[in-house]
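Here the structure is laid out as structure tokens; the discussion comes afterwards.
The values are calculated or read from the model by the stated rules, or taken from the named source; none is laboratory data. Keep in mind that what you see is a predicted model, and the values were worked out from it rather than measured. Methodologically, a virtual Cβ is constructed for each residue, glycine included, from the backbone with ideal geometry; neighbour enumeration extends over all protein chains shown.
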């Protein structure tokens, strides 16, 4: 059943599910201090594509409000409602929600779920009408208190593509709410394994009755299970906003890098690396406004442990001709809705901190692009990067001169290397850059 999570004031990831179930929850939490209560929460969800490998499975995507720390307050739960959750649930598959649920189609309904309570009036799954949805629909959902009440909640979800809507009102008999969340919920081991696409939430805003601490509002831009942008607290401390967030399965999409590495022993240094990349098709879903990087790379690796491997302290940068779909930090104009490539160096220390690169070259699907990184003759650390499109002989060139004489001892991803030589993997860098719909 969707959405119900046990809580602890010291551990937010404590999960309790129906006996025999295998559920997990992915996404950020806003666990507010005692005496700070949510009054309204609004967010827009983007309906994913039809899943290719979730036939017969159930996946829930939802914003939620739970009592949280209000359960510890003297008057936070006068009727003993317990730990339930208010949640408009975007659903693939079947659930405990009332109504006739469509097959092989995303749908949504506003719900309240509680399986912990000893108060029979609030035990079970409650909900309003169901609304069928199509991939790429944007559904704006709002949960807010009825005017003049402290515990009568109105949920409304509006499909922005056709203005259809569903709603549901539920009275929590005086219980206050202090926990907000944006969640993807898997329901068993199969759905946990096969969920392989991001879920996107946009324009989150929730308001509270008392000032919230900044640390309870602001979330990191990246986490093992999501990437986000524009997390902010209003000047009066009563409104928390988030511009956008992509929540993904860390075991599938949460690896930042995917691919092999060759991590060389100390004293062994790369002098040339050449490879050919095939340009993929234009992504059918435009990657939902995100960015994908595909690249071979060279980094210092174990050379950083050598006495003369990095005399000027350049640190762990990466030389990389990057095949890119979407915006990036590299210099030059970035074409929209098209793959492009440029030779790049990305560093972190001193004069080498930032993104450096040559010209940008547009490429088309099925093009074969041969890229070479090699030391300039007679130097120990001046690298030339050249990429040639074999379909038309166009090329892009980039040179990065390292006065530091930093040697290259690894072909790998851009991350801190281990201290002993080993195959670390990976080197296909995948980054989800969340942008507004």
Over the stretch 362-385, the set of residues outside any loop (DSSP other than H, G, I, E, B) and either outside the structural domain of residue 339 (by the TED database) or touching a residue at least 60 places away in the same chain (Cβ under 8 Å) (or both) is 368, 369, 370, 371, 372, 373, 374, 375, 383, 385
Members of the stretch 345-361 that are touching a strand residue (DSSP E or B) at 6+ places or on another chain (Cβ under 9 Å) and free of Cβ contacts under 8 Å to residues at least 24 places away in the same chain: 353
Can you pull out the residues in the stretch 132-154 that are within 26 Å of the chain's Cα centre (by Cα), farther than 22 Å from residue 212 by Cβ and either assigned to a strand (DSSP E or B) or not assigned by the TED database to the domain that holds residue 94 (or both)? 132, 138, 139, 140
Say whether the condition of being at pLDDT 95 or above, surrounded by fewer than 19 Cβ atoms within 10 Å (Cβ to Cβ) and within 20 Å of residue 87 (Cα to Cα) is met by at least one residue in the stretch 172-179. yes
Could you check residue 70 against (1) closer than 22 Å to residue 106 by Cα; (2) crowded, with 21+ Cβ neighbours inside 10 Å and say which number it fails? (1)
Determine whether the stretch 49-56 contains at least one residue that is surrounded by 18 or more Cβ atoms within 10 Å (Cβ to Cβ) and at pLDDT below 95. yes
Inspect all residues belonging to the stretch 110-123 and state whether any of them is out of contact with any helix residue (DSSP H, G or I) (no Cβ under 7 Å at 6 or more places or on another chain), farther than 25 Å from residue 174 by Cβ and surrounded by 22 or more Cβ atoms within 10 Å (Cβ to Cβ). no
Could you count how many residues in the stretch 169-202 are touching a residue at least 60 places away in the same chain (Cβ under 8 Å), over 15 Å from the mean Cα position of the chain (by Cα) and not in a loop (DSSP other than H, G, I, E, B)? 9
Check off (1) out of contact with any strand residue (DSSP E or B) (no Cβ under 7 Å at 6 or more places or on another chain); (2) in contact (Cβ under 8 Å) with a residue 40 or more places away in the chain for residue 333 and give me the number that stays unchecked. (2)
Based on this model, can you work out whether residue 342 counts as touching a residue at least 24 places away in the same chain (Cβ under 8 Å), over 18 Å from residue 300 (Cβ atoms) and assigned by the TED database to the domain that holds residue 300? yes
Note on residue 303: of the conditions (1) at pLDDT 85 or above; (2) within 28 Å of residue 379 (Cα to Cα); (3) surrounded by 22 or more Cβ atoms within 10 Å (Cβ to Cβ), unmet is (1)
Does the stretch 296-317 hold any residues that are within 21 Å of residue 357 (Cα to Cα) and not in a loop (DSSP other than H, G, I, E, B), and which are they? 298, 299
Tell me whether the stretch 388-409 contains one or more residues that are modelled with pLDDT of 85 or more and in a strand (DSSP E or B). yes
Determine, yes or no, whether residue 297 is crowded, with 22+ Cβ neighbours inside 10 Å, in contact with a helix residue (DSSP H, G or I) (Cβ under 6 Å, 6 or more places away or on another chain) and either in contact (Cβ under 8 Å) with a residue 40 or more places away in the chain or outside the structural domain of residue 344 (by the TED database) (or both). no
When you check residue 91 against the structure, is it farther than 27 Å from residue 36 by Cβ and surrounded by fewer than 20 Cβ atoms within 10 Å (Cβ to Cβ), yes or no? no
If you go through the stretch 246-257 one residue at a time, do you hit one that is in contact with a strand residue (DSSP E or B) (Cβ under 6 Å, 6 or more places away or on another chain), at pLDDT 85 or above and either buried (at least 17 other Cβ atoms within 10 Å of the Cβ) or assigned by the TED database to the domain that holds residue 203 (or both)? yes
Pick out the one residue from 158, 166 that is more than 23 Å from the chain's Cα centre (by Cα), surrounded by fewer than 22 Cβ atoms within 10 Å (Cβ to Cβ) and assigned by the TED database to the domain that holds residue 50. 158
Considering only the stretch 353-380, state which residues are buried (at least 21 other Cβ atoms within 10 Å of the Cβ) and within 19 Å of residue 298 (Cα to Cα). 357, 358, 369, 371, 373
For residue 158, state whether it is assigned to a strand (DSSP E or B) and in contact (Cβ under 8 Å) with a residue 60 or more places away in the chain. no
